[in-house]
Amino acid sequence: METRKRLYIGLLVSSMLIVMLLVITTWYLMQNRDIILSKILLFSIIFILGAIFVILGIGILSIIIMIIKSKSFSSLDSIIRIANDVLFPITILTGRIAGISKDKIQRSYIAVNNNLVKSKKLLLKGSQVMILLPHCLQDSDCPHKITMDINNCKKCGKCCISDIIDLGQKYDAIIKVATGGTMARRFIRDCRAKGVIAVACERDLSSGIQESGLLPVMGVLNCRPNGPCINTNVEIDKIEQALLTICKGG
Ligand code: SF4
């Protein structure tokens, strides 16, 4: 987990250095222009890039401080979100150039996100938390419609859904099974959850976390012994750990 966090923060800082390089290049161009209009134009570009750089810099610094101190500063939540939203695609690109796989960067992003949620030291009730599951956790031969209602599961034990139901009952948490992003967003809106434990693959988790805004989302990666999107699995302990993190202040 430490390596994952370091990777993401390293890529964030590298992305910032790239932006800084762009600013310096533009400045250099400006020095070599004689036409006044070009100078004004270039100066405006530098001003805008400089402002973006300062905002993103504060965002990155806040992330690093929050992780090191394990302490949240709610006033910085929005700026952290902006920094993450803007820089995430750049970190993917930087990682690609450095030969790091997208999955690895996304895992790192999820680990950093989980750490930021942990630093908030939330004390939610189980009933305020939604465990959001992907449909592929259900055994592909199971005839029961658990997307309508998780309680349609007959708890035969052929897939991990029965164990997750037991865990949900233990903490009084809401459990929903979604077939896609639209359904997941609807569940979150309708249930008015104050926190989410989302189980999914790297891609879906990182995009879900990005879309969640200020709603705290703990990401738990699924296991895919049969390839993506079919008969996947998840470690129940990891879901319980995530539940404890947002219900017992980390
Ligand atoms: S545990 Fe539930 S969801 Fe899984 S196969 Fe059995 S009845 Fe279906």
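The values are calculated or read from the model by the stated rules, or taken from the named source; none is laboratory data. Keep in mind that this is a model prediction, so the values were computed, not measured. Here Cβ is always computed from backbone atoms with ideal geometry, including for glycine, and neighbour counts include all displayed protein chains.
Numbers at a glance
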| read-out | value |
| --- | --- |
| Whichever residue in segment 207-244 is hydrophobic (A, V, I, L, M, F, W, C) and without any contact (Cβ under 8 Å) to a residue 40 or more places away in the chain and, among such residues, is farthest from L124 (Cα to Cα) | C223 |
| Conditions (1) within 30 Å of R6 (Cα to Cα); (2) over 22 Å from the mean Cα position of the chain (by Cα); number of the one not met by N115 | (2) |
| Residues of segment 200-233 that turn out to be crowded, with 20+ Cβ neighbours inside 10 Å and in a loop (DSSP other than H, G, I, E, B), as a count | 3 |
| All positions within segment 115-150 that are of a type in the set (S, T, N, Q), more than 10 Å from the ligand (Cβ to nearest atom) and either in a loop (DSSP other than H, G, I, E, B) or closer than 19 Å to A173 by Cα (or both) | S127, Q128, T147 |
| Answer residue from segment 57-73, given it is touching a residue at least 40 places away in the same chain (Cβ under 8 Å), farther than 19 Å from L21 by Cβ and part of a helix (DSSP H, G or I) and is farthest from the chain's Cα centre (by Cα) among those | K69 |
| Segment 88-114 residues that are in contact (Cβ under 8 Å) with a residue 12 or more places away in the chain and more than 22 Å from M218 (Cα to Cα), paired with ones that are hydrophobic (A, V, I, L, M, F, W, C) and in a helix (DSSP H, G or I) (beta carbon under 6 Å, 6 or more apart) | T94/L11; G95/L11; G95/I105 |
| Residue check, V54 in a helix (DSSP H, G or I), modelled with pLDDT of 80 or more and loosely packed, with under 11 Cβ neighbours inside 10 Å | yes |
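Every residue, every condition in (1) out of contact with any helix residue (DSSP H, G or I) (no Cβ under 7 Å at 6 or more places or on another chain); (2) of a type in the set (V, I, T), yes or no:
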residue	(1), (2)
V112	no, yes
K120	yes, no
Q128	yes, no
N151	yes, no
K158	yes, no
D166	yes, no
Y171	no, no
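Residue-wise test of (1) under 26 Å from I79 (Cβ atoms); (2) surrounded by 15 or more Cβ atoms within 10 Å (Cβ to Cβ); (3) in contact with a Ser or Thr (Cβ under 7 Å, 6 or more places away or on another chain); (4) at pLDDT 95 or above.
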{"site": "I97", "(1), (2), (3), (4)": "no, no, no, no"}
{"site": "I105", "(1), (2), (3), (4)": "yes, yes, yes, no"}
{"site": "I150", "(1), (2), (3), (4)": "no, yes, no, yes"}
{"site": "C159", "(1), (2), (3), (4)": "no, yes, no, yes"}
{"site": "V177", "(1), (2), (3), (4)": "no, yes, yes, yes"}
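Here is a yes/no grid of residues against (1) out of contact with any Asp or Glu (no Cβ under 7 Å at 6 or more places or on another chain); (2) more than 22 Å from K121 (Cα to Cα); (3) modelled with pLDDT under 75:
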residue	(1), (2), (3)
G10	yes, yes, no
S14	yes, yes, no
Q31	yes, yes, yes
L49	yes, yes, no
L61	yes, no, no
S72	yes, no, yes
I80	yes, no, no
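Residue by residue, here is whether (1) touching a residue at least 12 places away in the same chain (Cβ under 8 Å); (2) away from the ligand (no atom under 14 Å from the Cβ); (3) part of a helix (DSSP H, G or I) holds:
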residue: K154; (1), (2), (3): no, no, no
residue: G157; (1), (2), (3): no, no, no
residue: D163; (1), (2), (3): yes, no, yes
residue: D166; (1), (2), (3): no, no, yes
residue: I175; (1), (2), (3): yes, no, no
residue: T182; (1), (2), (3): no, yes, yes
residue: I188; (1), (2), (3): yes, yes, yes
residue: A193; (1), (2), (3): yes, yes, no
residue: V196; (1), (2), (3): yes, yes, no
